[in-house]
1. Give me the percent of the accessible area of segment 46-85 that comes from carbon and sulfur atoms, probe 1.4 Å, all protein chains in place.
2. Determine one quarter of the surface area of the Cα convex hull of segment 101-140, which equals its mean projected area, and express it in nm² to one decimal.
3. If you count only protein heavy atoms with a 1.4 Å probe, what accessible area per residue comes out for segment 112-195, rounded to a whole Å²?
4. At most 13 other Cβ atoms within 10 Å and a DSSP loop assignment: could you name the chymotrypsin sites (Phe, Trp or Tyr not before Pro) in segment 113-187 that fit?
5. Kirkwood hydrodynamic radius (Cα pairs, Å) of segment 186-245?
6. Two decimals is fine: what is log10 I(q)/I(0) at q = 0.15 Å⁻¹ for segment 68-127, from a Debye sum with one equal scatterer on every Cα and no solvent?
7. How many percent of the accessible area of segment 204-247 is carbon or sulfur, using a 1.4 Å probe?
8. With no solvent and one point per C-alpha, what does the Debye sum give as log10 I(q)/I(0) for segment 97-211 at q = 0.09, 0.10, 0.20 Å⁻¹?
Amino acid sequence: MSSASPPLPTAARSMLEEMLAALKLKDEMLKDEPPALHCSFGRRPPCWTCAKYYSMYGHVAKLAEEIQKGVNSVEGVEVKLWQVPETLSEEVIGKMGAPPKSDVPIIQPNDLAEADGILLGFPTRFGMMAAQFKAFIDATGGLWRSQALAGKPAGIFYSTGSQGGGQETTPLTAITQLAHHGMIFVPIGYTFGAGMFEMADVKGGSPYGAGTYAGDGSRNPSQLELEQAFHQGKYFATIAKKLKASS
């Protein structure tokens, strides 16, 4: 019997060749790329991160704002907040009692390629990321094909309705999206210290990332949950900065 591998189907071989060509092109571009990249002020900081989120009732948005503060507390690292596009009509959103969207800009898939690190935030739907965020991820096929996000660090933060509503399954099932893009998942582990062991009060979050409970929608993130979000931003920025410096 021959030990040679069977030939790849034509379609699969064609896709593989295109991906390899794209990666070669990316490597050639990186050779000529200056160490300090541009931003809206004319030059980007040494490390630039992106925090994209979906928030219907504002809970994830509040976590994102604290994460932004945490990232910006690390010298040489900056973050920009983005929202993913809404997929529901205004009529449906109105019937659900959701408040108007904030003025945070809407992100497009190709915007992700410019970031040195990416933080993803979303509410849960039956223990998984909300459909709006999944729809955005599904639109990143072009980035997957070129592996434009491969090697970039990524973190996750989230909101659930109850204590048994997905504080671990929501981020856990989202990791598959990162793996297919070749991204490096950066959990917070137990680096938040004593705050990870709080038992007296209800607290969202897990070793996967910062979290909060929305309840019936009227509950706001607690002070401890906001502190955990700040910590995640600061911790993630430190890791992203180290990875950027070593590249």
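The values are calculated or read from the model by the stated rules, or taken from the named source; none is laboratory data. Small disclaimer: the values here were computed from a predicted structure and weren't measured. Note: ideal-geometry Cβ built from the backbone for every residue, glycine included; neighbour counts use all protein chains shown. What goes into the accessible areas is simple: the full protein's heavy atoms, side chains included, and nothing from ligands, DNA or RNA. Shrake-Rupley method; radii C 1.70, N 1.55, O 1.52, S 1.80 Å.
1. C and S atoms contribute 48 percent here.
2. 3.5 nm²
3. Accessible area per residue, segment 112-195: 38 Å².
4. 126
5. On the way: mean 1/r = 0.0818 Å⁻¹.
Roughly 12.2 Å, rounded to one decimal.
6. -0.64
7. Details: 1080 of 1960 Å².
Exposed carbon and sulfur together represent 55 percent of the surface.
8. -0.27, -0.33, -1.16
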